[in-house]
1. Name the single residue, out of those in the stretch 50-73 being charged (D, E, K, R) and open to solvent by 100 Å² or more (accessible area, probe 1.4 Å), that is farthest from the chain's Cα centre (by Cα).
2. Which one of these does Val47 not meet: (1) of a type outside the set (Ser, Thr, Tyr); (2) at pLDDT below 95; (3) open to solvent by less than 80 Å² (accessible area, probe 1.4 Å)?
Amino acid sequence: MKHIHDTNAVLPIDRSRELHLINEALARARMDQELREAELQRRAYHVRVARRMRRRAEVASMRARRALAIAVM
């Protein structure tokens with residue numbers, strides 16, 4: 001353990017504790033980034049599914065209109 005000498009006080013510095021805290025902060029930041037990326041992937045997936053469903057509905061609507069037009073003729 002080292003000491004920093006100040007005119008007012010002597011502060012102990014535990015380097016292994018500092019490194020541990022830095023590693024914890026890095027791990028938290030990495031986890032936060034991974035959570036953000038996972039959320040973006042989930043959103044992108046839902047957008048793709050919604051577009052696919054919309055397209056299927058449009059195709060079904062066109063088929064129904066064509067069938068109705070043929071039936072009316």
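1. Arg66
2. For Val47, the failing item is (2).
The values are calculated or read from the model by the stated rules, or taken from the named source; none is laboratory data. Not measured: the values here are computed from a predicted model. Areas reflect the complete protein model, heavy atoms only, side chains present, ligands, DNA and RNA absent. Shrake-Rupley method; radii C 1.70, N 1.55, O 1.52, S 1.80 Å.
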